[in-house]
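**Q** The structure's right below; bear with me while I get my questions together.
Nothing in this text is a laboratory measurement; each read-out follows from the coordinates by a stated rule. Please read these numbers as outputs of a predicted model, since none were measured by experiment. Counting neighbours? That spans all protein chains shown, and the Cβs are built from the backbone with ideal geometry, glycine included.
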Amino acid sequence: MWAHQHNMWHDVHKISMATVRWALAMLFFSSWFPYSTSFVESHFNETTAQVFYGVIVLLVTIANMFLSHSLASANPDDTTLTAQIHEQQAFLSADLAVKCIGLALAFIYPPAMMISIIVAALIISVGPYLRKGPLATAHRQ
């Protein structure tokens, strides 16, 4: 998450108050990770722990999506940044959908939340590479 934020903000020229608010919201929700992680560790097969962790993960994801949108709104003339955010939003939408499915399934099978987070992490980390991939890079050269 932090490496991605650094890369995203590298070329940002303007921010708005909405950007500041969404960044603070994301940091606030992220601050719950240590507690929610220890809660899940102690009660891995319990619905309450998995749902609590899942809600925190979803809130961070949603705040990140709105944060990115606020950056695009504050920099409408920066086509490179806007394109990067648009591509990111596509992956974050898939990420959010997988996490929501995992949250719903956690009421039936609690570890489904953790499984969905791993699947979503693969979508976010491997998806852009597969989309651009070494073949696409070699073809452009």
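**Q** Suppose R0 equals 30 Å; then what is the FRET efficiency for LEU122 and THR80 from their Cβ-Cβ distance, rounded to the nearest 0.05?
**A** 0.70
**Q** Something else about it: Size of the dipole of the chain about the Cα centre, Lys and Arg at +1 and Asp and Glu at -1 on the beta carbon, nothing else charged, in debye to 20?
**A** 180
**Q** In degrees between 0 and 90, to the nearest 10, how far off the longest principal axis of the chain does helix 79-106 point, with axes built from Cα atoms?
**A** The two axes meet at around 10 degrees.
**Q** For the charge dipole of the chain, defined by +1 on Lys and Arg C-beta atoms and -1 on Asp and Glu C-beta atoms about the Cα centroid, which residue among ALA63, ALA121, TYR109 has the Cα displaced farthest towards the positive pole?
**A** Going by the Cα projections, it comes out as ALA121.
**Q** Using the basic label-point model (7 angstrom from Cα toward the beta carbon), what is the THR37 to SER73 distance in nanometres?
**A** 3.1
**Q** For ALA104, put the label point 7 Å out on the Cα→Cβ axis and report which residues of region 23-64 keep their amide N under 17 Å from it.
**A** Correct set: 51, 54-55, 58.
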